[in-house]
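The values are calculated or read from the model by the stated rules, or taken from the named source; none is laboratory data. Note that the structure is a prediction, hence the values are computed from the model and not measured. We place every Cβ from the backbone using ideal geometry, glycine too, and count neighbours over all the protein chains shown.
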Amino acid sequence: MQNKKMHKVGQIHSPRFRLVTHRLLATFATGMVMLGLGAVKVHSQVTPELGVESLCKLHFEACIEYIDVEKIQSSKVQGKTPQSDTQQSVSGDLSVKQLEELARAITVKVASTETWGSGIIIQRQGQNYLVLTNQHVLVPKEQYRVQTSDGNQHSATVLQSTRFADYDLALLQFQSPNRSYPVASVEIAAIKTGNEVFAAGFPIEAKQQIHQGFAFVNGKVSKLISRAFIGGYQIGNTIDIKQGMSGGPLLNHQGKVVGINGLGKNPAFTNPYIFKDNSTISDAQWQQASQLSWAIPIQTFLQLTFVP
């Protein structure tokens, strides 16, 4: 098997989250991870002791390390005290309070001149950060700002080297030399209908265009489709995704990203339920689909972005 030289990923020092890094072995085992919405082939080394999965990024010089959040530390976060470990499920589930604090830490506001959406801090390398969001959040020829959980705003640029074709995905990059931020963990296992999920983002009041603050809401996965709508949308859920929450994370009970929100209920002006071959769904199916919000599976991002 061919050896590959990997760079060591930087370490996040955060009062709320513990991120542990390790040097990757030169040789990785190749495996197929079968997913409910397809299969993704990854080169990975799993270290059970650390709860770490390292996936090799196609367009970067280093590996991206997604860290499972083991616990929320006892330090106060924005005036709130996290619940104790005794209140956390032995299955690894986080309490709703812990989930909200985690979501607040990894979710950013992606702003242009007159509007905004949401995004997910998906990778850190040194002082450089990557934010995953929806392509439709980005206004062409605009300058972008990323607002992190501490209220700081960072100038951001679109990562042009990564192309997502017809998928409603985009990557932004920003720098933070003086402050470290937590990075999202992703779930590569299959999501199932009936699973409870949580969405985070920064909704816009449609009439007055005023800032409504951070939103954290829950719902359930209602429908999974194997054939994606235009943009890559496959996860139908009962959460009411508001304008401005596009690009934000869809999380499971472990605080891992399972999807990227981007399509709300009851679309008014367009037909988003079109497949790549330009076919669409029936009127009866439209009635069902329009009662749900839709997310792009995180597996789609992994398939498009990581080494097969």
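Is it the case that the stretch 252-266 has a residue that's of a type in the set (A, V, I, L, M, F, W, C) and surrounded by fewer than 18 Cβ atoms within 10 Å (Cβ to Cβ)? Within the stretch 252-266, not a single residue is of a type in the set (A, V, I, L, M, F, W, C) and surrounded by fewer than 18 Cβ atoms within 10 Å (Cβ to Cβ).
Only one of the listed residues (247, 194) is assigned to a loop (DSSP other than H, G, I, E, B), buried (at least 24 other Cβ atoms within 10 Å of the Cβ) and not aromatic (Phe, Trp, Tyr). That residue is 247.
Condition check for residue 304 on (1) at pLDDT below 95; (2) part of a loop (DSSP other than H, G, I, E, B); (3) under 18 Å from residue 135 (Cα atoms): one failure, at (2).
Checking each residue in the stretch 148-168 for being in a loop (DSSP other than H, G, I, E, B) and either of a type in the set (Val, Ile, Thr) or in contact with a Leu (Cβ under 7 Å, 6 or more places away or on another chain) (or both) picks out 148, 159, 162, 164. Out of curiosity, is residue 171 crowded, with 19+ Cβ neighbours inside 10 Å, of a type in the set (A, V, I, L, M, F, W, C) and touching a Leu at 6+ places or on another chain (Cβ under 9 Å)? Judged against the criteria, residue 171 is a match. When 240, 283 are screened for being surrounded by fewer than 14 Cβ atoms within 10 Å (Cβ to Cβ), on the phi < 0 side of the Ramachandran plot and not hydrophobic (A, V, I, L, M, F, W, C), only 283 passes. The set of residues from the stretch 270-294 being aliphatic (A, V, I, L, M), without any contact (Cβ under 8 Å) to a residue 60 or more places away in the chain and part of a loop (DSSP other than H, G, I, E, B) comprises just one member, 281.
To keep it simple, each residue is scored yes or no on (1) β-branched (Val, Ile, Thr); (2) in contact (Cβ under 8 Å) with a residue 12 or more places away in the chain; (3) buried (at least 21 other Cβ atoms within 10 Å of the Cβ); (4) in a loop (DSSP other than H, G, I, E, B).
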site	(1), (2), (3), (4)
97	no, yes, no, no
101	no, yes, yes, no
117	no, yes, yes, no
120	yes, yes, yes, no
123	no, yes, yes, no
129	no, yes, yes, no
136	no, yes, no, no
139	yes, yes, no, yes
146	yes, yes, yes, no
